[in-house]
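Student: Please see the structure below; I have some questions.
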Amino acid sequence: MILLSVGSSSSSQITAIFSVTLLLFYFSEATLRSPCPIDGLPIVRNISELPQDSYGIPGLTHMTVAGSVLHGMKEVEIWLQTFAPGAATPIHRHSCEEVFVVLKGSGTLYLAETHGSFPGKPVEFPIFANSTLHVPINDAHQVKNTGNEDLQVLVTISRPPIKIFTYDDWFMPHTAAKLKFPFFWDEQCFQESQKDEL
Ligand SMILES: *[C@@H]1O[C@H](CO)[C@@H](O)[C@H](O)[C@H]1NC(C)=O
Ligand SMILES: *[C@@H]1O[C@H](CO)[C@@H](O)[C@H](O)[C@H]1NC(C)=O
């Protein structure tokens, strides 16, 4: 009996403390670390404190600085990406505009400028720190770190969220390119925003 009453009074205290802690935890999670903070995006954020991930892509570090699915942006989306030496995007195309600013390192942009039924052998453009490049709408392309230090780029795309068609190689027909949508970094919040609409 004694044990039981002591147990229940201290357990209700523990429950109260636990609930408060849990509330604080959810509050700070929701305001500071929510992966999908639509409408809750602070005006100024410290880039060093934003979440980043490889999203399973070897050698990539991706951060959505300001995104559509993640933050409710309507017209543009900004990424900060780092490619380790040798790392590359898939060969892909998309119907949005895309502009890169190279912040660090060097690499190669491979761009298929021909407009047949498949991309064809790409033109190679060396890219370097403080260079900027844009990718014409729907041209198949690949960015690769062909240097020996990290390649860091700031990327702006229009009309997010991005709908990417990927190619296994430069000779795969456009009609066989595979749509990956939502793209890896949009998956989690895309699913949550779908749920919210139900
Ligand atoms: C930004 O975040 C980094 C890492 O947490 C920290 O070292 C730096 O002081 C922050 N900058 C400002 C201006 O708060
Ligand atoms: C990049 O170019 C701008 C414009 O010339 C210059 O102000 C800036 O210092 C350059 N940055 C680097 C890292 O070279």
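None of the figures in this text is laboratory data; all of them are computed from the coordinates on show. These numbers were taken from a predicted model, which means no experiment stands behind them. Glycine gets a Cβ as well: all are built from the backbone with ideal geometry, and neighbour counts include every protein chain shown.
Student: Looking only at the range 112-150, filter to residues that are over 21 Å from Phe183 (Cα atoms) and of a type in the set (A, V, I, L, M); which one of those is nearest to ligand 1 (Cβ to nearest atom)?
Tutor: Ala129
Student: Right, next: Of Ala88, Ala112, which residue is free of Cβ contacts under 8 Å to residues at least 60 places away in the same chain and within 16 Å of the chain's Cα centre (by Cα)?
Tutor: Step by step, each of Ala88, Ala112 is checked, and only Ala88 is free of Cβ contacts under 8 Å to residues at least 60 places away in the same chain and within 16 Å of the chain's Cα centre (by Cα).
Student: Just to be sure I understand, how many residues within the range 152-171 are more than 19 Å from the chain's Cα centre (by Cα) and surrounded by fewer than 18 Cβ atoms within 10 Å (Cβ to Cβ)?
Tutor: Of the residues in the range 152-171, 4 are more than 19 Å from the chain's Cα centre (by Cα) and surrounded by fewer than 18 Cβ atoms within 10 Å (Cβ to Cβ).
Student: When the residues of the range 147-187 are filtered to those that are touching an Asp or Glu at 6+ places or on another chain (Cβ under 9 Å) and among the polar types (S, T, N, Q), which remaining residue is farthest from Gly105 (Cα to Cα)?
Tutor: Step by step, filter the range 147-187, then rank; the result is Ser158.
Student: Specify the residue that is nearest to the chain's Cα centre (by Cα); the eligible residues are those in the range 127-151 that are within 16 Å of ligand 2 (Cβ to nearest atom) and polar (S, T, N, Q).
Tutor: The extreme case among them is Thr132.
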